1. Just report the Cα centroid separation between segment 1-61 and segment 199-222, whole Å.
2. Restricting to DSSP loop positions (anything but H, G, I, E, B) with no more than 15 other Cβ atoms inside 10 Å of their own Cβ, which GluC sites (Glu not before Pro) remain in segment 1-65?
3. In whole angstrom, how far apart do the alpha carbon centroids of segment 92-157 and segment 170-198 sit?
4. Please check: in the Gaussian network model of the chain (C-alpha springs, under 10 Å), which one of E249, E126, E85 has the largest mean-square fluctuation.
5. Say a site is exposed when it is one of the chymotrypsin sites (Phe, Trp or Tyr not before Pro), sits in a DSSP loop, and has at most 12 other Cβ atoms within 10 Å; what is then the longest site-free stretch of the chain?
6. Give me the percent relative contact order of segment 129-215, please, defined on Cα pairs under 8 angstrom at least 6 residues apart.
7. Suppose a student asked you for the relative contact order of the chain, using Cα pairs under 8 Å spaced at least 6 residues apart; what percent would you report?
8. Run the helix sum for the chain: -39,500 (n - 2.57) per DSSP H stretch of 4+ residues, divided by residue count, reported at 222 nm to the nearest 500 deg cm²/dmol.
Amino acid sequence: MFKNLYNVVGSRSPINANRLQEYLRKFWNDFVKATNNPFVLKKKYKNTENVYLDYLDTIELPRVMKVLVQIDYRTGRLNYNYYKEKSLKPVSCLLLALLLTTGRRLKEAGSLTWVQFKQGESPRLELKKTKTSKKNNKLIFKLGDEAVNILNLIAKDRLNNSESSFYFPIGDPRNNYIFPSKAYGRKNKKGKTECLFVQDPGATWDNALLMAGVERHMKIHSTRHTFATNFYRVTKDIKALAEALGTTEAQASRYAKLDVPVEEGINKIKFFGDEKPILKNII
């Protein structure tokens, strides 16, 4: 019976079928605690999952960041005319920029409050929980200069610039959030929108990629892969990367695409010795 259910679910979503099998297997082991778990499937019978590996390379990343963050250097504030002309949402743009500069997950960054941003000699984010915090108890993450600059740009406008997308009147609960949602309180099919912060900057992400000349579709989760891959490129320190991401070193290595140093290693091999072959044009 379970194999039939697994196949029905898998016909629409192979990944969800695998998740269902794992949840039911764990449920049996944790609560039923009987032998002959009927939800165990050998690996060869499971659906193959394609691991998502895409990221922005060293050429694409600066282009996308320039689309997301535009400053009016006369005032030192965000250039809202730019965002209006390009039909981009400033709050979503800055959220995406923070994802790229910190490697945080969307749920972690989108719901950030100002209390969680700790400044001083060692700027950091103090999260309430992460996907892996129950296992490693990792909740504090240091911030680099660019991430701090992005947060300071927002802070500069949020309380004294009524034209800013980050500004709301005193007493508005959205003032507590770094990436407040304009949709809060609006009517929808279920009543009113209750979320105080931006949850889905997907449309802005798609537009920003196209404006930067990145024509392939990329998931927002690729921002985390981008951070990891570029971090490892410049440091070659997998332990530091694991610390920055809040994961194990094994998971960090998957995020960081270790094929990058492999490719560099291959290119350093002197296949022709010290003499390079002379390539002639073939007409």
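Just so you know, all these numbers are worked out from the coordinates, no wet-lab data involved. Just so we're clear, the structure is a prediction, and the values are computed from it rather than from any experiment. Neighbour counts are summed over all protein chains in view; Cβ atoms, including those assigned to glycine, are modelled from backbone coordinates with ideal geometry.
1. Result: 28 Å between the Cα centres.
2. On the way: sites: E22, E49, E60; in loops: E49.
Of the GluC sites (Glu not before Pro), the ones in loops of segment 1-65 whose Cβ has at most 15 other Cβ atoms within 10 Å are E49.
3. 20
4. E85
5. Values: sites that count: Y52, Y73, F271, F272.
The longest uninterrupted stretch comes out as 74-270.
6. Values: 60 pairs, mean separation 11.6, N = 87.
Worked out over segment 129-215, it gives 13 percent.
7. On the way: 319 pairs, mean separation 53.6, N = 283.
19 percent.
8. Values: 13 runs with 125 residues, N = 283.
It comes out at -13000 deg cm²/dmol, rounded to the nearest 500.
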